[in-house]
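Only one structure is covered here, and it is reproduced in the block below.
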Amino acid sequence: MFYDISVLGFMPQTFDGLAAGIVRSVDRAHADVSPCNLSWSQGELLDANINRSPTAYLQNPAEERAKYKHDVDKEMTQLKITRADGTPVGVINWFAVHPTSMNNTNTLVSSDNVGYASVLFEKKMNEGSLIGKGKFVAAFASTNLGDVSPNTKGAHCIDNGEECDLHTSTCDGANVLCVASGPGEDIFDSTRIIAEKLFSKAWELFVSSEQSAVSGNIKSVHQYVDMTKQNFTFYDNNTMQNVNVQGCKPAMGYSFAAGTTDGAGAFSFSQGMTSPNELWNAVRDFIVTPSDAERKCQKPKPILFPTGEMKFPYEWQPKIVSTSCALIGNFVIVPVPGEFTTMAGRRLRQTVRDTLDQFSTSSIGPVVIAGLANTYSSYIVTPEEYELQRYEAASTIYGQHTLTIYQRQYKKLCIALMTSTKLRPGRSPTDFREKTITLLPPVIFDTSPWNRSYGTVVKQPKGVVAIGEKVTASFIAGHPRNHLLQEESFMTVERRVQRENSTAWTIVATDADWETKFHWYRTSFLKGMSEARTEWVVPANTEPGVYRLSHKGNAKLIFGGLVSYRGHSKPFQVESSPKESVGNRNRRLYFQ
């Protein structure tokens, strides 16, 4: 419930579209099953990520930090999948970096740096195929990225260019002025640069002869855990004392509202807040007052949202989470239900490795944290980082020893995995789909101007364009939410091809391409009129010839029902002489 608020509630259309796509992918994969060989490789990638909470990282013991060269993980791990006949069919790359090259000033739908890296890899492998239509699949997956940013220039005050306050990430007390920037000229150029770095390293690993074969059996274990019912004592090697661990009811701290340097929050909040504010406490208490037990459990976090005690219309954050571990031969995947910071991930990896080593008679390969799996329970920091209460700590919802609980749980999973012990499945989370609330109104109707039909071009492209130039065309349109066009596209770039006795148009790019943008906007809310603007920055490898921009969509009639339409711009000529490339080149859908 908590994260649905900012998007006006649960979106059944989005959920159903994603679920249908996943099922369709699994079905196709099952129909194409064949023997495969797996191999893994690793390599260092520099200048693609930084720690966005370095003061929190420094809270960890010096002797622990001394084991590592950097304050973020710089190693990419790749799992390569090849058919028995030698044909490569897929690759998964894990690298710690947030897909936040496009910060919260961006209003365009985008898969960000990791999405574009996937596009680059698949275009390389599926030459001649449209994006998403080729046989080879490349994934760039999340790992322990909790405190890791792609904005490698760091955080600066946008009003004077000076560095932000390192602890609070503010400029003269204001969080909105402190913004981290990437290596490019703007957020879109930064997305491109980080994506190209990810792709280049992944490709280097892919073609390397230094591949380690994955061999052995496939095993997995899964268990649901109620984090609020975890209560035990453990020995802390740092303090050399026994520590009582209690899983708290979920709660978000003040610094959560401050946001991060990748996307600032609002009001007077700042990172590192460990003292409450009476005004905000009064606002909070008007909704729900946290219990004394919850306040004590969450210390030193000042509670802004006691989400574990907020029940309407259903629980705001999960108490029960999904935990699992999988052994693919000697390759270990640890799916986790949240965003582990750098050191939190390192500790969990070490716990898993140490446990597996106690039972394994052969060498264990990479241990990969697979982040944000099955359940989303926000962030997980180390107990030491929790003390500082920066954004990630304020978003660690089960209290200071959240990581400790996970280390104990994954140790139990690994022991069960290696000893073939059958675990109880745990209590399943409640299905809240019948209680969801959607505040976004449906599309009521669409209309087109008098005597003009949907798909009519209202702005034509120029007659002649060059490499690197931007081409645009605008169409009378219906609302994109009328039909998601799964496996189709709202816009296409088409090239005219001369055949023996006729001409035909062949699609060369869609709204999935980096060089295209699709904008939709209402021209009259009362009348339900809309326009769609299509854009294409002509890439360097474009073959000279005649092209056109096309738009496809559906309009909703006043008395119900949908009418599909398609429109095409006038043909235009692409010449080979290059012009300076313009920015903002990414796969984007813009809904105002």
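Just a few scattered comments:
- Nearby lysines by direct alpha-carbon distance to residue 229 (threshold 24 angstrom, same-chain neighbours under 8 apart not counted): 249, 296, 299, 301, 311, 319, 411, 412, 422
- Dividing the summed -39500 (n - 2.57) terms of all DSSP H runs of n ≥ 4 by the residue count of the chain sets its mean residue ellipticity at 222 nm at -6500 deg cm²/dmol.
- What the phi angles of the range 285-298 give under the Karplus curve with 6.51, -1.76 and 1.60, with θ = phi - 60°, is a coupling list of 5, 5, 8, 8, 9, x, 6, 4, 5, 5, 4, 5, 5, 8 Hz, glycine and proline written as x.
- Relative intensity, log₁₀ I(q)/I(0), of the range 396-468 from a Debye sum that treats every alpha carbon as a point, q = 0.18, 0.20, 0.24 Å⁻¹: -1.06, -1.10, -1.12
- Between the alpha-carbon centres of the range 31-58 and the range 142-164 there is a gap of 20 Å.
- Overall dimensions of the range 1-152 as given by Cα atoms, namely Rg and Dmax in Å: 18.8, 52
- The residues of the range 139-220 expose on average 48 square angstrom of accessible surface per residue, using a 1.4 Å probe on protein heavy atoms.
- Scattering curve values for the range 279-375, log₁₀ I(q)/I(0), Debye with Cα scatterers, q = 0.16, 0.24 Å⁻¹: -0.81, -1.21
- Stokes-Einstein diffusion coefficient of the range 484-557, Kirkwood radius over Cα pairs, 25 °C, 0.890 mPa s, in µm²/s: 174 µm²/s
- Gyration tensor over alpha-carbon atoms, the range 179-269, equivalent ellipsoid semi-axes in Å: 37, 31, 14
- If the convex hull is drawn through the Cα atoms of the range 133-237, its volume per residue in Å³: 311 Å³
- Accessible surface of the chain, 1.4 Å probe, proportion on carbon and sulfur as whole %: 53 percent
- In Å, descending, principal axis extents of the Cα set of the range 63-162: 55, 41, 16
- For chymotrypsin sites (Phe, Trp or Tyr not before Pro), the sites in the range 428-481 that DSSP calls loop and that have at most 11 other Cβ atoms within 10 Å are 450.
- The calculated pair-distance distribution of the chain uses every alpha carbon pair, bins of 20 angstrom beginning at 0, and gives 18, 49, 30, 4, 0 percent.
The values are calculated or read from the model by the stated rules, or taken from the named source; none is laboratory data. Given the structure is predicted, the values throughout are model-derived calculations rather than measurements. Don't worry about glycine lacking a Cβ; one is built from the backbone with ideal geometry, like all the others, and counts go over all protein chains shown. Side chains included, ligands, DNA and RNA excluded: accessible areas come from the protein's heavy atoms. Shrake-Rupley method; radii C 1.70, N 1.55, O 1.52, S 1.80 Å.
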